[in-house]
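Enquirer: I'd like to ask you about the structure that follows.
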Amino acid sequence: MSAEAPRNNLRGGAWLIMDMSVNITALSIVKWLGADYASVQIVFLRALTGLVLILPLIWMRRAAFHKVPDLPLHALRVGLSVVTLSASFYAIARVPLALFSAVGFTRPVVTMVLAALLLRETIGRKRWIAAGVALVGVLIAANPTEVPWSLGLAALAVTVLAGSGAVIATRRLRSAPTIVLMSFYTLGLAVCTAPLAALSWVPIAPDHLLPLLMVGAFAQCAQMCFLRAHYHGEAGVLSVLSYLSLIFSVGVGYFAFAEVPSVGFWGGAALVIGATLLVSLDLRALRQKA
């Protein structure tokens, strides 16, 4: 390890903590106001705000959009992202914030399973076991006796599945410039949700307008912090540090929304995190051997 590595990881960790803080702030606003507005309306406002913020960057990097390949795959990624965000904004307003965060940690495991089914990637026995452990962890964390079955839980499941599909599509687009991915994502969200938002539009209360616009601003800020974190820090260090978001979510849920996680939740969350760590470490070991 070079002498600069610890310092770079410290910078990366600081950016990641800012990313988590800003992202959870945005989700808290959605949780606070999400039940009053259609989820597609909030997604549209988020995308429109983000698009306005990145327009100067799009103009400066406009040469990157010349002859963009794989347009159908970009469209698929956008479609999956629309479903992911709409379902997540619906879910966050209806399930505990800590549960939302814990279930979100299953995405790497679900992505792994989808990669095996769709991309024919080879999955070892250890990672299949991890997938089973993560599923058990989710069932324990989402204890039906404490968190009754609801459309919010169903939307949370859709969030994980569609979000994992979007990750698979992004993997196939890894050679595309970052500005192209960001722009197609933001513009696609705005265009796809505009007609649905218009059909279900609820007049925005004057004191809600600024918080709803801030969701988009915070989301773009979080994306920038995330990219800077991975520019400076090592993926292995950042992946472990990302589990702090569960602590942040529990804290915000407790102080802002009076949500108190049960002992069973912590047991299930520990299984989910352990399974995800096992998958991450196994993948890292495979890359080092390659």
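Taken together, the values in this text are just the output of simple stated rules run on the coordinates, not laboratory data. Quick caveat: nothing in here was measured; it's all calculated off a predicted structure. Glycine gets a Cβ as well: all are built from the backbone with ideal geometry, and neighbour counts include every protein chain shown.
Enquirer: Of P206, L173, G104, which is farthest on the positive side of the dipole of the chain, counting Cα position, with +1 on Lys and Arg Cβ, -1 on Asp and Glu Cβ, and the Cα centre as origin?
Expert: Value: L173.
Enquirer: OK, next. Classify the range 5-289 from the C-alpha gyration tensor, please: rounded if a/c falls under 1.5, else prolate or oblate depending on whether a/b exceeds b/c. Don't jump to the answer; show the numbers that get you there.
Expert: Numbers: a/c = 1.45, a/b = 1.07, b/c = 1.35.
Note, shape of the range 5-289 comes out rounded.
Enquirer: What's the longest uninterrupted piece of the chain once you rule out the trypsin sites (Lys or Arg not before Pro) that are loop residues per DSSP with at most 15 other Cβ within 10 Å? Display every interim value, and only then the final one.
Expert: Working: sites that count: K67, R120, R174.
Looking at the chain, 175-290 is the longest stretch - no exposed trypsin sites (Lys or Arg not before Pro) with at most 15 other Cβ atoms within 10 Å.
Enquirer: Taking 0.36 nm per residue of sequence separation and subtracting the Cα-Cα distance, how much length would be gained by fully extending the chain between R120 and V136, in nm to one decimal? Spell out each step's value before the answer.
Expert: Values: separation 16, 0.36 × 16 = 5.76 nm, distance 2.48 nm.
Gain in length upon complete extension: 3.3 nm.
Enquirer: Here's a follow-up. Taking the dipole about the Cα centre of the chain, with the C-beta of Lys and Arg at +1 and of Asp and Glu at -1, give me whichever of P69, T25, L117 is farthest to the positive side.
Expert: About the Cα centre, the residue reaching furthest to the positive side is P69.
Enquirer: What list of ³J(HN,Hα) couplings, whole Hz, do you get for the range 192-205 from phi and the Karplus terms 6.51, -1.76, 1.60, once you set θ to phi - 60° and write x for glycine and proline?
Expert: 6, 8, 4, x, 5, 5, 5, 5, 10, 4, 10, x, 8, 4
Enquirer: Sticking with the crude label model, points 7 Å out along Cα→Cβ, report the distance from V191 to R11 in nm, one decimal please.
Expert: Taking the two extended label points, one gets 3.6 nm.
Enquirer: Given points 7 Å out from each Cα along the Cα-Cβ axis, report the W149 to V263 separation in nanometres with one decimal.
Expert: So the two model labels end up 2.7 nm from each other.
Enquirer: While we're looking at this one, here's another question. Semi-axes of the equivalent ellipsoid for the range 190-235, please: Cα gyration tensor eigenvalues, times 5, square-rooted, ordered largest first, whole Å. Intermediate values should be presented prior to the final figure.
Expert: Details: eigenvalues 195, 44, 6 Å².
For the range 190-235, the semi-axes come out at 31, 15, 5 Å.
Enquirer: Can you list which of the chymotrypsin sites (Phe, Trp or Tyr not before Pro) found in the range 100-195 are DSSP loop residues with at most 12 other C-beta atoms within 10 Å? Provide the component values of the computation, followed by the final result.
Expert: On the way: sites: F100, F105, W128, W149, F184, Y185; in loops: F105, W149.
Counting only loop positions with at most 12 other Cβ atoms within 10 Å, the chymotrypsin sites (Phe, Trp or Tyr not before Pro) in the range 100-195 are W149.
Enquirer: For the chain, what is the mean residue ellipticity at 222 nm derived from helices alone (per DSSP H run of n ≥ 4: -39500 (n - 2.57); sum divided by total residues; nearest 500 deg cm²/dmol)? Could you put the intermediate results ahead of the total?
Expert: Working: 12 runs with 229 residues, N = 290.
Value at 222 nm, helices only, nearest 500: -27000 deg cm²/dmol.
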